[in-house]
Amino acid sequence: MRFYHRLASPRHFYRIAGQWIPWLAGIFFVLLVWGLYESLFVAPTDYQQGESYRIIFIHVPAAWMSMFIYFIMAVAGAINLVWRMKMAEVVLVASAPIGAAFTFLALVTGSLWGKPMWGTWWVWDARLTSELFLLFLYLGIIALYGAIEDKRTAGRAVSILALVGVVNLPIIHFSVEWWNTLHQGSTVSLMGGAKMDPRMLRPLLVMSFAFKFYYGWVLFLRARNEVLERERNTSWVRELVEGKAT
Amino acid sequence: MKPSKLSLGSAFWLLLKRDLVLAMRRRSEFINPILFFILVCALFPLAIGSDPNLIRKIAPGVIWVAALLASLLTLDSLFRGDFEDGTLEQYVLSAHPVSILVIAKVIAHWLITGLPLILVAPLLGVLLSLPAGATGILVLTLALGTPVLSLIGSVGVALTVGLRRGGVLLSLLVLPLYVPVLIFATDAVNTAVTGIPVTAQLSIIGAMLFLALALAPLATAASLRVSLS
């Protein structure tokens, strides 16, 4: 409980996050190297898709992260609205560009994979479409936060928006799925419905953990910057800056 | 401050009546969106050619997208005037729950901007050569769907009302949330063209209406508090 309270104060968050950053970065790089090695050299070649299926080791974890981060942001938004916790706001705001980047990565890798597999960069498949609208939800949050000058007000506004978005996300996903199955039929399904070889599953899981640690690492870096910017008029930030300058 | 003697019900009606009277005094507020709606629909045949079969095929989508844009354009007027003259702060300070007052404002706004769209939709159906049966369904989907648009939009407006140029931002916030209504409404009309019953789609839009009616006013009220702080 005491740890929780300390994490809620910007000053202690700044310090604790600073201690965690090297660990998160280190674990991320170890997992990344391991995951890339497994996915590029150990995992067998797919009998149907050849080598190009290997992009799923980036694509699928990125798509998972895109939803996971939005969920984290909605939880942070709820915490901020109920308890007015400054750090929840910082986490929400710092997460948004990372989530948008993962969503973008999932879309780009998906379309790179789609070109040789489906013969087209883009199809209006249910998953692609809902991922695209997820990207718009992220961009909306980033844009709203940027548009409001007072950052505390902006933080609360994006908290509401994140919650509204998380209620709508399943509805959007469901409706897009309905739309797709009615009009296009299931011409394509990701993964081909086949069960996975464990030698393929392992790099996938390793990569997804690597991405989680990457998120934690970059989130803490961004959150620390956000804290410094917001608290720039407080004495502890001044001491910190002056202490380092001398 | 002494709590106001006005009951919640009469506050609700007074607010609704006030907004309608204000709109009647400025007719352009509800005539311009209709003109916009008709104009956008009239642009499509010019852009894609006059083949009646093609026009009939895209008619439901065109009419719905035009309705979506018309609703988006009028959203800003929902709270703008009240925000500028300070009335909005009085609502938030009043003894009544803001979410209920928000419902009154959204209903008034929908009567001014949503209802006229429904009334001219049959005309557009004729212009874009929709079959009569499908036009009936089109009117039904608009009747169920446009209130959802107003309710969802009210959250976006409440978030951006304090900003000087919130227009483009508003569309970025609100349009992705309009997707489910658009999908089910156009699907209902497209299905109706082929003569298959569309009760499933209509029920789902109805469900969205009730969900939006229950949740959107709460989010709008919270957003107004943030915007006014």
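The values are calculated or read from the model by the stated rules, or taken from the named source; none is laboratory data. Keep in mind that what you see is a predicted model, and the values were worked out from it rather than measured. Here Cβ is always computed from backbone atoms with ideal geometry, including for glycine, and neighbour counts include all displayed protein chains.
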Members of the range B:205-218 found to be in contact (Cβ under 8 Å) with a residue 12 or more places away in the chain and surrounded by fewer than 18 Cβ atoms within 10 Å (Cβ to Cβ), listed by number: B:G206, B:L213, B:L218
The lone exception for A:A100 - which of (1) surrounded by fewer than 19 Cβ atoms within 10 Å (Cβ to Cβ); (2) more than 23 Å from B:V161 (Cα to Cα); (3) within 14 Å of another protein chain (Cβ to nearest Cβ); (4) of a type in the set (A, V, I, L, M) it fails: (1)
Filter pass, B:P176 being under 30 Å from B:S229 (Cβ atoms) and at the interface with chain A (Cβ under 10 Å from one of its Cβ atoms): yes
Selection count where residues are more than 18 Å from B:L124 (Cβ to Cβ), free of Cβ contacts under 8 Å to residues at least 40 places away in the same chain and small (G, A, S), scope the range B:50-100: 1
Filter result for B:G162 (modelled with pLDDT under 90, over 30 Å from B:A42 (Cα atoms) and crowded, with 18+ Cβ neighbours inside 10 Å): yes
Subset tally (residues that are surrounded by 22 or more Cβ atoms within 10 Å (Cβ to Cβ) and in contact (Cβ under 8 Å) with a residue 60 or more places away in the chain) for the range A:164-178: 1
Selection within the range B:153-173 - facing another protein chain (nearest Cβ under 8 Å) and either part of a helix (DSSP H, G or I) or small (G, A, S) (or both): B:V155, B:L159, B:T160, B:G162, B:G166, B:L169, B:L172, B:L173
Filtered residues of the range A:123-155 (kept if at the interface with chain B (Cβ under 8 Å from one of its Cβ atoms) and not β-branched (V, I, T)): A:F133, A:F136, A:L137, A:L139, A:G140, A:A143, A:L144, A:A147
Entirely in the range B:1-83, the helices (runs of 4 or more DSSP H) that have 1 or more residues that are modelled with pLDDT under 90, farther than 30 Å from B:L159 by Cβ and of a type in the set (K, R): B:52-75
Residues satisfying the stated conditions in the range A:156-176, i.e. at the interface with chain B (Cβ under 9 Å from one of its Cβ atoms) and under 17 Å from B:L224 (Cα atoms): A:R156, A:A157, A:V158, A:S159, A:I160, A:L161, A:L163, A:V164
Candidate set: the range B:186-204, residues that are facing chain A (nearest Cβ under 10 Å) and in contact (Cβ under 8 Å) with a residue 60 or more places away in the chain; chosen: the one nearest to the chain's Cα centre (by Cα): B:T186
Given (1) modelled with pLDDT under 95; (2) assigned to a helix (DSSP H, G or I), index of the condition A:W121 fails: (2)
Filtered residue count, the range A:76-91, keeping only those that are closer than 20 Å to A:F133 by Cβ and more than 14 Å from every other protein chain (Cβ to nearest Cβ): 0
Test result for B:A221, at pLDDT 90 or above and either within 11 Å of another protein chain (Cβ to nearest Cβ) or crowded, with 24+ Cβ neighbours inside 10 Å (or both): yes
